[in-house]
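Remarks on the structure that follows.
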Amino acid sequence: DTENTEERKQKLKEILQDKKSPTANVQRQLPTDFLRPFDLSLAPLLRVGLIKSSKGQHILMLDMHHIITDGTSQEIFTQEFMALYGGKELPALRLQYKDFSGWQNNHRQREAIIEQEEYWRQQFEGEIPVL
């Protein structure tokens with residue numbers, strides 16, 4: 001898997017260094033609105049572009065704002081994308097976001113119950129009045 005990734009990186013490097021399609025040529029092919037700051041008030045915070053080189057090869061460009069991904073997530077995304085591109089099937093995930101969300105909700109509910117219990121303990125502190 002690592003070998004394939006390194007091989008693909010080398011091919012991309014060759015495309016970018018191609019005498020018929022130097023980096024400057026690739027940069028000229030970039031859409032003018034691709035490399036620009038993101039407006040955080042507008043979705044999506046992701047851009048995808050495709051450039052065709054002089055040899056008929058293609059360069060997929062991906063630009064994401066750092067607010068939607070970190071270095072580790074970006075690496076996982078790249079590895080999984082390359083695996084899918086290579087026709088591989090990804091293993092099923094053990095945990096989903098819904099699992100995390102459920103844990104968060106349970107934690108918040110427990111906190112709310114504890115707050116309510118504390119409120120009523122304070123209400124009934126001291127002697128109980130005679131009716």
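The table below gives the values:
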quantity: Some residue of region 20-36 being assigned to a helix (DSSP H, G or I), at pLDDT 85 or above and not aliphatic (A, V, I, L, M); calculated: no
quantity: Condition met for residue 15 (under 30 Å from residue 89 (Cβ atoms), outside any loop (DSSP other than H, G, I, E, B) and at pLDDT 85 or above); calculated: no
quantity: When residues of region 45-88 are limited to those that are at pLDDT 90 or above, of a type in the set (Gly, Ala, Ser) and part of a loop (DSSP other than H, G, I, E, B), the one nearest to residue 6 (Cα to Cα); calculated: 86
quantity: Residue check for residue 72: of a type in the set (S, T, N, Q), under 30 Å from residue 47 (Cβ atoms), under 25 Å from the mean Cα position of the chain (by Cα) and surrounded by 11 or more Cβ atoms within 10 Å (Cβ to Cβ); calculated: no
quantity: Residue that is surrounded by the fewest Cβ atoms within 10 Å (Cβ to Cβ), among those in region 79-90 that are free of Cβ contacts under 8 Å to residues at least 12 places away in the same chain and either within 22 Å of residue 46 (Cβ to Cβ) or under 18 Å from the mean Cα position of the chain (by Cα) (or both); calculated: 90
quantity: Conditions (1) in a loop (DSSP other than H, G, I, E, B); (2) touching a helix residue (DSSP H, G or I) at 6+ places or on another chain (Cβ under 8 Å): number failed by residue 92; calculated: (2)
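The values are calculated or read from the model by the stated rules, or taken from the named source; none is laboratory data. Only a predicted model underlies this, so the values are computations on that prediction, with no experimental measurement involved. Backbone-built Cβ (ideal geometry, glycine too); neighbour counts: all protein chains shown.
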